[in-house]
Structures are given as C-alpha cells and as structure tokens.
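Bear in mind these aren't lab numbers, they're just calculated from the coordinates by the rules spelled out. Remember, it's a predicted structure, so these values are computed and weren't measured experimentally. Every residue, glycine as well, gets a Cβ built from its backbone with ideal geometry; the counts of neighbours run over all protein chains shown.
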Amino acid sequence: MEGRKYRVVIAYDGTSYSGWQYQENALGVQQVVEEALAYLEGGPVRVFGSSRTDAGVHAKGFSAHFRLTKPIPPKNLVRAANSRLPESVRILKAAYAAEDFDARLSAKGKEYRYQLYQADILPPHLAPYWTFCHRPLNLEAMRQAAAHFVGRHDFVSFAANPNRELETTVRTVFSFEVKNVGHRYTFIVRGDGFLYKQVRSMVGFLISVGKGNEIPDAVRELLEAHTPRTARVETAPSRGLFLWKVFY
C-alpha cells in the first residue's frame, strides 16, 4: 500500500468499550477509529495501537499509527476524523511518521495513572473515572509499598493470565508515585511495559496496604516469590485507570 504513514495521539472514555483492541463480539475503540478513517480514505484502514487496554479503561495519550493513500495534511486529518468519531473518542494530534515508526515496537515506555476517591460518598459525576473507597487509607504505607515495585522485577505475581504465550514476565518500573489531594488519590506509574492487568493488580495491592490488610514489605515478598498471582492480590476496577502517555 502506497501513501503516507501517520502517527496519532488518541484520547478516549473507555466506559462503553471493550478496550482498545478490535473484537468480533464487542465494540473496541480500534474499530470506531478504523471506521472513521475508512470513510476519509474511501477504503479499509488498519490502525496499529501502542498497546491493548482492558474493557472500561480510559486513555489520555494513547498512540497509534496507520497508512493512508489520500493526501490529507495532519491538521485536516484531526478535524476530519473527529467529525466522524463519537464524542467518547478524539484524535488529539496527528503527524507524518517515519517509515520505521511503529506505535508499539518504537515505544520506550508508558505512564499509567489510577484515580481513587476516598470518602463516605462518591459524587455521581466522578463515578465513571474514579474508583471509590470508603475506608481511610494510610498514604505513607502505600508510598513505602509502591517504592518496592520500582526496578526490574519478575511481575508474575501481579499479572493475570493473558491466555497467550509470553517470552518473559520481567518488566522495569521506572517510578511509582502515590499522590493525595483531599479525597483524591492518584497512583502514577511509569515503566518500559506492563503485563496483562499488572497496573490494576499493583494498585489493588497498594489499596490493601493502605487499608491495613497488608504491610508494605509484602510487595517485596510477592515479587521474590516468582509465583502466579493469587486471590491475595486484588485487581482494582478498570474505571479508575488511564493510559496517560506513551514515551518514544
């Protein structure tokens, strides 16, 4: 296929989607983006994303690439594509891409943010984007526990089975911050890549630490065990998770 390769940054509200990936029996964000671009192209367009996201997970800075034969300038592409996309999906930026650029393989790392609201009541307008916790949380204990995740580790104890072969379950976490302003807690993790449900599993365990159900050193214990995840590691709900940025 001739034409130009483009790279785009996409934001989406994942509430109504089965994740990024195209699926035969559910609606993925990839499908609606491909349909919008196909209208502009006048033919099928395959969009390659930087990663998969789970059902209900949101994105502020998802990256993707694709090729078009129609000579559409990037600025015009943003406006035209957004006019065809649902309000829950937006292309934020577009640019011509180098021929060797690959949204997934060229990525150097990703940043995810998880949003948690701790109070007696969760305001309804926050419900799609914030996970609710009514119990008080120990911020310092969660920060101590998060520090154990930083570095290169085997994260098999903090990931779900993806039902596909993996070369390795070793990943590098560059940083893991836990911030708190009023009722709002934000977990910010950056790494070279993440396993299936790894971020939600790590956050779920930090919440257990915050509640006093686990101690901070339990993170190190589980990392050193190199055993598959058990019920001890809860998966935080998808609605609080955002793919914030992809680094190149």
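Each part reduced to its alpha carbon centroid, the stretch 173-234 and the stretch 19-97 end up 31 Å apart. For the chain, the Cα gyration tensor yields ellipsoid semi-axes of 35, 20, 15 Å (square root of five times each eigenvalue, largest first, whole Å). Could you work out the local net charge near Tyr22, counting Lys and Arg as +1, Asp and Glu as -1, over the other residues with Cβ closer than 13 Å to its Cβ? Cβ neighbours under 13 Å give a net charge of -1.
Legend: translational diffusion of the stretch 38-79 by Stokes-Einstein, Rh = Kirkwood radius over C-alpha pairs, 4 °C, 1.567 mPa s; D = 106 µm²/s. Available extension along the chain between Arg84 and Asp102 is 4.0 nm, counting 0.36 nm per residue and deducting the alpha carbon span.
Answer rounded, prolate or oblate for the stretch 19-166, using the Cα gyration tensor with square roots of eigenvalues a ≥ b ≥ c: rounded when a/c is under 1.5, else prolate when a/b is larger than b/c, else oblate.
Judged from the Cα gyration tensor, the stretch 19-166 comes out prolate (a/c at least 1.5, a/b above b/c).
Computing FRET efficiency as 1/(1 + (r/R0)^6) for Ile215 and Val150, where r is the C-beta to C-beta distance and R0 is 22 Å, gives about 0.80. With a Förster radius of 51 Å applied to the C-beta separation of Lys70 and Leu122, the computed FRET efficiency comes to 0.65.
Across every pair of non-identical alpha carbons in the stretch 4-96, the mean reciprocal distance, once inverted, gives a Kirkwood radius of 12.9 Å. With the simple spin-label model, which puts each label point 7 Å out from Cα in the Cβ direction, the Asn25 to Ser175 separation comes to 4.2 nm. Can you return the lysines within cross-link range of Lys93? Criterion is Cα-Cα under 22 Å, with same-chain partners fewer than 8 residues away left out. Leaving aside lysines fewer than 8 places away in the same chain, those within reach of Lys93 are Lys5, Lys60, Lys70, Lys75, Lys108, Lys110, Lys245. Considering only Ala231, Ala94, Ala159, the mean-square fluctuation computed in a Gaussian network model of the chain, springs between alpha carbons under 10 angstrom, is largest for Ala231.
If you filter the stretch 58-151 for GluC sites (Glu not before Pro), then keep DSSP loop positions with at most 12 other Cβ within 10 Å, what is left?
When the GluC sites (Glu not before Pro) of the stretch 58-151 are filtered for loop state and at most 12 Cβ neighbours within 10 Å, Glu87, Glu99 remain.
Across the chain, Cα pairs under 8 Å and at least six residues apart give a relative contact order of 24 percent. With only the Cα atoms considered, the stretch 109-247 has a convex hull volume of 108 Å³ per residue.
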